[in-house]
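The values are calculated or read from the model by the stated rules, or taken from the named source; none is laboratory data. Only a predicted model underlies this, so the values are computations on that prediction, with no experimental measurement involved. All Cβ positions, glycine included, derive from the backbone under ideal geometry; neighbour counts span all protein chains shown. Accessible surface areas use protein heavy atoms only, side chains included; no ligands, DNA or RNA. Shrake-Rupley method; radii C 1.70, N 1.55, O 1.52, S 1.80 Å.
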Amino acid sequence: MGSALPERVLTNHELAEMVDTSHEWIHSRTGIEARRIAAEGEFTSHLAERAARAALDHAGREARDVDLIVLATATPDNTFPSTAVEVQSRLGIERGAAFDLHAVCSGFVYALSTADALIAQGLAERALVIGAETFSRILDWTDRTTCVLFGDGAGAVVLERAGGAAGASPRGVLASSLRSNGTHKDKLYVDGGPSSTQTVGHLRMRGQEVFRFAVSATVDVVETVFAKAGVTADDVAWFVPHQANKRIIDASAKKLGIAPEKVVLTVQHHGNTSAASIPLALAEASSDGRIKEGDLVLLEAMGGGFTWGASLVRW
Ligand code: UT7
């Protein structure tokens with residue numbers, strides 16, 4: 001595991017000087033106290049590279065051992081080439097494959113499942129799975145309903161074949177479930193893009209509708225991974241959900257029957273960092289000793305599209 005955050009901390013109090021809001025409103029509605037904002041010239045690829053290097057160090061692996069990079073982001077450095085190949089080149093890797101994966105806030109769960117499937121299929125041996133975002137670049141800083149919610153950051157994991165047949169190892173990704181439903185696409189979107197407007201655009205959201213969906217409709221993927229792995233909520237040691245809003249996380253945990261003390265919460269420090277939020281939370285909870293080898297960890301996310309998904313991981 002590894003993570004990277006920009007140095008600059010933007011507090012709720014500072015935001016209250018920029019738009020008509022208050023620390024009390026933001027904190028009581030979302031749990032967020034502060035978020036990090038990338039510096040000028042600091043791109044998604046820079047955060048991704050730092051997180052990737054930290055993950056390689058932590059795993060005791062060299063960059064040259066990596067033959068797959070799956071980088072989840074909705075805020076790439078450029079329209080193309082992918083941010084993943086930028087990271088690949090900075091790490092000095094000239095073999096294997098690297099690509100970006102776009103599933104917005106569900107990006108890390110999608111990327112982890114994809115890398116796991118590619119390794120299981122024999123297409124790769126050792127992957128860097130990265131979630132990295134600079135959402136500060138697509139926010140409308142005059143819109144108080146969205147600009148107070150998001151932040152920048154990156155997290156990465158090293159995933160490698162454990163030997164034996166696919167699924168033979170008791171550790172790693174035990175089960176995943178991915179979903180999307182594009183009929184909800186106008187509830188959370190960016191109003192620009194290379195083909196439609198030739199601009200980057202700004203994030204737009206119908207917050208309450210996203211909130212309702214995040215709490216109620218995403219239970220299906222968790223039930224699917226529990227059934228696939230033959231476990232129940234009681235077996236879960238740690239619940240590491242996408243960090244969008246503490247109220248969504250609390251309500252989801254309650255609905256799933258997961259005790260509050262098993263929930264990893266980082267939204268207070270980072271805001272919603274989209275695809276980076278789960279690996280940032282995983283990095284924090286593994287480096288401070290909460291998540292231990294053998295623990296059953298449930299990951300769950302929901303985001304623009306809508307997309308949603310869950311993965312069950314034996315640490
Ligand atoms: O990663 C997945 C994507 N994102 C999410 O999961 C976010 C999902 N949605 C949410 O987290 C919540 O819906 C929000 C935090 C965005 C909003 O919380 P809410 O409890 O649903 O508030 P609301 O939208 O119902 O707004 C309540 C009031 C409104 O005023 P009126 O109409 O009641 O007078 C808003 O205009 O709060 C007002 N408001 C604000 N006030 C102060 C909205 N934003 C702000 C703000 N500061 N920043």
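Determine the relative contact order of the stretch 2-160: mean sequence separation of Cα pairs under 8 Å and six or more apart, normalised by residue count, in whole percent.
32
Roughly how large, in nm² to one decimal, is the mean projection of the convex hull of the alpha-carbon atoms in the chain?
Taking the Cα atoms of the chain, their convex hull projects to 15.1 nm² on average.
If contacts are Cα pairs under 8 angstrom and at least 6 residues apart, what is the relative contact order of the chain in percent?
After rounding, I find 24 percent.
Looking at the stretch 59-111, which trypsin sites (Lys or Arg not before Pro) are in a loop (DSSP not H, G, I, E or B) and have at most 12 other Cβ atoms within 10 Å?
Here the trypsin sites (Lys or Arg not before Pro) that fit, given the DSSP loop and packing criteria, are 95.
Under the Karplus relation 6.51 cos²θ - 1.76 cosθ + 1.60, θ = phi - 60°, what is the ordered set of whole-Hz ³J(HN,Hα) values for the stretch 23-38, x standing for Gly and Pro?
For the stretch 23-38, the Karplus-derived couplings read 4, 4, 4, 4, 5, 6, 8, 9, x, 6, 10, 7, 8, 9, 10, 4 Hz, x marking Gly and Pro.
Name the long-range amide H neighbours of residue 295: under 5 Å, sequence gap of 5 or more, or other chain; modelled H, no Pro or chain starts.
Correct list: 315.
Amide H neighbours of residue 193 under 5 Å, counting only residues 5+ apart in sequence or on other chains, H built in-plane at 1.01 Å?
It is 198, 199, by chain and number.
Pop out the carbon and sulfur fraction of the accessible area of the chain as a percent, whole number, probe 1.4 Å.
Ligands and nucleic acids excluded, carbon and sulfur give 51 percent.
I'd like the Karplus ³J(HN,Hα) series for the stretch 189-199: coefficients 6.51, -1.76, 1.60, θ = phi - 60°, whole numbers in Hz, and an x wherever there's a Gly or Pro.
Once θ is set to phi - 60°, the couplings for the stretch 189-199 become 7, 10, 8, x, x, x, 7, 8, 10, 6, 10 Hz.
Once amide H atoms are placed 1.01 Å from N in the peptide plane, what residues at a sequence separation of 5 or more from residue 150, or on another chain, have their amide H within under 5 Å of its amide H?
Those qualifying (amide H under 5 Å, at least 5 residues apart or on another chain) are 272.
Report the percentage of all Cα-Cα pairs in the stretch 172-314 whose separation exceeds 21 Å, rounded to a whole percent.
Numbers: 4399 of 10153 pairs.
The share of Cα pairs beyond 21 Å in the stretch 172-314 comes to 43 percent.
Is the stretch 2-160 best put as rounded, prolate or oblate by its Cα gyration tensor, with a ≥ b ≥ c the root eigenvalues, rounded for a/c under 1.5, and otherwise prolate when a/b is larger than b/c, oblate when not?
The shape class here is prolate.
Which whole-Hz couplings ³J(HN,Hα) result when phi for each residue of the stretch 55-69 is put into the Karplus expression 6.51 cos²θ - 1.76 cosθ + 1.60, θ = phi - 60°, listed in order with x for Gly and Pro?
After applying 6.51 cos²θ - 1.76 cosθ + 1.60, I find 5, 5, 4, 4, 7, x, 10, 9, 4, 5, 7, 8, 10, 7, 10 Hz.
Hey, if we sort 25, 238 by accessible area with the 1.4 Å probe, largest down, what's the order?
The most accessible residue leads, giving 25, 238.
In Å², and per residue, what accessible area does the stretch 1-71 have when probed at 1.4 Å with the other protein chains present?
50
Mind checking the full-extension length gain between residue 206 and residue 288? Use 0.36 nm per residue of separation minus the Cα-Cα distance, one decimal, nm.
25.9 nm
At 1.4 Å probe radius, can you tell me the per residue accessible area of the stretch 116-275 in Å²?
45
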